[in-house]
Ligand SMILES: CC(C)=CCC/C(C)=C/CC/C(C)=C/CC/C(C)=C/[C@@H]1[C@@H](COP(=O)(O)OP(=O)(O)O)[C@]1(C)CC/C=C(\C)CC/C=C(\C)CCC=C(C)C
Ligand SMILES: [Mn+2]
């Protein structure tokens, strides 16, 4: 990663970083019931909700961000309709092109360079994903690259070569810089691309702030008492990516499902991906003294941190892993339901990423649950095969494709 990509500017004040908890509408009973249904078979999570009905679970808190983002999308699309009406009126006025428009055009040149740089970073760090974006419309592709680069840089702050120098106040400065980006004051070229993206698409700042919150969590916490705590972490570092991306990817105009349900499915994909990441990296994380697994579930399985640091695959471990993999797959299943609602050109990269990530779970099983010393990965052949499958599903749907192939 180049030093330019990683540079964190010195920003002025520390912002209020409390992200999820404040003043939003509370979640409907129906969605809570759905949450409980999802956790059927994972009794501790459901019983946590039942045991203490007054305290809200992480999932309920996160759902409020989903509602807020979905509302923003709806509001902006209403504004767009209004603008279109106004534009038609202006066109009828037949006014000459003004200086401001000429300025915009010359700025466009620089902006294109900024977006191209983002594209180069994607091509270097996430080749398959970069390939997947090629089928999106140019505008959307560029915006997704800009978001990708911001996410990558944010993650590199705590995981990259300079991670040992990163303090909470460096993250506060990164957050201040984020605010500047959203207010049209970009610091560098990558920021300029993002700044442009957030004016063009109804992207809320909250998921970006929440991702930074996830990085703060990584600085202060290395154990998770239960799935509720882990869920929140997964939302912060990965669910947020979904909430940032969907406003750009767009929902198909012909889609009949609600905006909220699409965002929920998107969120599920982020959570599924991060749970998979965690299960793949158990050994690697343990070597850094980190255990991203629910402590109560480890205990229920008769396991402790010591078993993880010992890195021995036992039957207890296999059973524990089976439960964790089952849960991750449930989130993938939930995500699948929403992909068809995305705009047609955006479905392919999402299916590609979903299929590739889900196969990591199969690879963990194929390694006989040894995620301590054996890295689960999807081989090149499987990767290459997944792409046309993703393309097929994206264009004719999973059910029709299965029928066609059988
Ligand atoms: C309706 C529906 C299903 C819509 C799809 C919604 C959508 C686009 C979801 C995206 C989900 C996604 C790709 C989440 C990212 C999950 C992830 C891998 C997060 C990683 C975090 C930290 O992990 P860790 O440090 O443990 O792991 P590493 O060893 O560092 O890998 C991240 C690394 C956070 C940073 C995330 C990125 C760099 C990815 C950003 C990606 C995008 C903006 C593009 C998303 C678009 C597509 C098409 C996948
Ligand atoms: Mn990382």
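Read-outs throughout are calculated quantities, based only on the coordinates presented, and are distinct from any laboratory measurement. Because the structure is a prediction, the values reported are computed rather than measured. Note that we place each Cβ from the backbone using ideal geometry, even for glycine, and neighbour counts take in every protein chain shown.
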Of 134-144, 301-311, 61-71, ordering from highest average Cβ density within 10 Å down gives 61-71, 134-144, 301-311
Here the relative contact order (percent) of segment 166-313, from C-alpha pairs under 8 Å and at least 6 apart, is 23 percent
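Tell me, what is the percent relative contact order of segment 307-403, built from C-alpha pairs under 8 Å that lie six or more residues apart? Walk me through the intermediate numbers first.
Numbers: 60 pairs, mean separation 32.3, N = 97.
Normalised by residue count, the contact order of segment 307-403 is 33 percent.
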Quick note, segment 249-406: a/c under 1.5 would make it rounded; otherwise a/b > b/c is prolate and the rest oblate (a ≥ b ≥ c, C-alpha gyration tensor); here it is prolate
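Please say if segment 327-406 is rounded, prolate or oblate, where rounded means a/c under 1.5 for a ≥ b ≥ c the square roots of the C-alpha gyration tensor eigenvalues, and otherwise the choice is prolate for a/b larger than b/c and oblate otherwise? If you can, show how the numbers build up before the last one.
Working: a/c = 2.19, a/b = 1.77, b/c = 1.24.
It comes out prolate by the Cα gyration axes.
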Shape call for segment 159-297, from the Cα gyration tensor axes a ≥ b ≥ c (a/c under 1.5 means rounded, otherwise prolate when a/b beats b/c, else oblate), comes out oblate
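What percent do you get for the relative contact order of segment 108-233 when only Cα pairs under 8 Å and 6+ apart count?
Numbers: 96 pairs, mean separation 33.9, N = 126.
After rounding, I find 27 percent.
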Quick P(r) readout (segment 262-337; Cα-Cα; 5 Å bins; whole %) gives 3, 16, 24, 23, 16, 10, 6, 2, 0
